[in-house]
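A.B. asks: This structure is in structure tokens; I'll ask about it shortly.
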Amino acid sequence: MKNVLALMALVLLVAACNLTNKLKTNSNSDSSSSSSGNPTKIGDDPVEKPAPTSAQMAAIANGQEAKWDQQGITWTLPANWKKQEVRNESLSYSGNGAFLTVAISPLPQMENLVDTSLKAMFEGAKTNQKIGKNDEVRWLELDGVRGVGFREAKPEMADDIRRLEWQAYRKYAGQKQLVALILSTSGAKFPQHEDELYGILYSMKIVH
């Protein structure tokens, strides 16, 4: 997992650098995109905040707190979910064939490229939406941290994994970090788990 995320970070860094000149040309119209300003829009795209449905709230009602002490992050999980592994930079829980997987990658070299890299993430996810790989892409702010949220489209094979993801940067313990969160299950089971996956996502509390 750590190697995969390190590679992801490198790809994002290269993409960010490639987009820098293009994005600078839109700096005036995108002035609301500063992460320190908690914008309501980035360009023409709204920044959403959690608005769980009654079904999503019910899916984690009377649930358990999963607290990641090393990283200052907590979630509310359904009561029957179990801890698989918790390390300094990675965490995983599961329940009835659904999974929460989170990884942290310290990225001190990204200190001055966060906004640009986030835009690169968003544009990459939108491109995947256009070609049918994603069916939901949005700016999503969780507990004051703005990130990119996206959901993969229904896979071709029922047993293939379908993911709900959120990626963002934060500063924690003096470091700039990439936070990569994945909620997943099989394509066939995704509809029955969808409310609890969104409920878990929206329940996140994160120190930053």
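A.B. asks: So which residues in segment 114-135 are open to solvent by 40 Å² or more (accessible area, probe 1.4 Å) and either free of Cβ contacts under 8 Å to residues at least 40 places away in the same chain or under 15 Å from Gln177 (Cβ atoms) (or both)?
C.D. replies: Lys126, Thr127, Asn128, Gln129, Lys130, Ile131, Gly132, Lys133, Asp135
A.B. asks: Quickly run through segment 136-162 and pick out the residues that are of a type in the set (Lys, Arg) and either closer than 21 Å to Leu178 by Cβ or not in a strand (DSSP E or B) (or both).
C.D. replies: Within segment 136-162, Arg138, Arg146, Arg151, Lys154 meet the criteria.
A.B. asks: With modelled with pLDDT of 95 or more, under 15 Å from the mean Cα position of the chain (by Cα) and among the small types (Gly, Ala, Ser) as the only criterion, which of Gly97, Gly144, Gly72, Gly132 stands out?
C.D. replies: Result: Gly144 is the single residue among Gly97, Gly144, Gly72, Gly132 that is modelled with pLDDT of 95 or more, under 15 Å from the mean Cα position of the chain (by Cα) and among the small types (Gly, Ala, Ser).
A.B. asks: Please specify each residue of segment 168-194 satisfying the condition of being farther than 17 Å from Gly147 by Cβ, at pLDDT 95 or above and not hydroxyl-bearing (Ser, Thr, Tyr).
C.D. replies: Gly187, Ala188, Lys189, Phe190, Pro191, Gln192, His193, Glu194
A.B. asks: Determine whether Glu165 is part of a strand (DSSP E or B) and under 17 Å from the mean Cα position of the chain (by Cα).
C.D. replies: Considered against the rule, which asks whether it is part of a strand (DSSP E or B) and under 17 Å from the mean Cα position of the chain (by Cα), Glu165 comes out as yes.
A.B. asks: A further question follows. In segment 162-200, how many residues are under 24 Å from Glu89 (Cβ atoms), in contact (Cβ under 8 Å) with a residue 24 or more places away in the chain and surrounded by 15 or more Cβ atoms within 10 Å (Cβ to Cβ)?
C.D. replies: Counting residues in segment 162-200 that are under 24 Å from Glu89 (Cβ atoms), in contact (Cβ under 8 Å) with a residue 24 or more places away in the chain and surrounded by 15 or more Cβ atoms within 10 Å (Cβ to Cβ) gives 19.
A.B. asks: Within the set of pairs 6+ apart or on separate chains, which have a first residue in segment 40-69 that is closer than 16 Å to Gly149 by Cβ, a second that is outside any loop (DSSP other than H, G, I, E, B) and modelled with pLDDT under 95, and C-beta atoms under 6 Å apart?
C.D. replies: Hits for this filter: Lys41/Ser32; Ile42/Ser33.
A.B. asks: Oh, and also: Output the residues belonging to segment 86-105 that are closer than 17 Å to Leu201 by Cβ and in contact with a helix residue (DSSP H, G or I) (Cβ under 7 Å, 6 or more places away or on another chain).
C.D. replies: Correct list: Ala98, Leu100, Ala103.
A.B. asks: To continue, here is another question. Report those strands (runs of 3 or more DSSP E) wholly inside segment 79-127 carrying at least 1 residues which are of a type in the set (Ser, Thr, Tyr).
C.D. replies: It comes to 90-95, 98-106.
A.B. asks: Go through (1) of a type outside the set (A, V, I, L, M, F, W, C); (2) within 16 Å of the chain's Cα centre (by Cα); (3) closer than 21 Å to Gln56 by Cβ for Ser105 and report which single condition fails.
C.D. replies: (3)
The values are calculated or read from the model by the stated rules, or taken from the named source; none is laboratory data. Values in this document were obtained by computation on a predicted structure and should not be read as measured data. Cβ coordinates were reconstructed from backbone atoms using ideal geometry, including for glycine residues, and neighbour counts include every protein chain displayed. Just the protein is used for accessible areas: all its heavy atoms, side chains included, with ligands, DNA and RNA removed. Shrake-Rupley method; radii C 1.70, N 1.55, O 1.52, S 1.80 Å.
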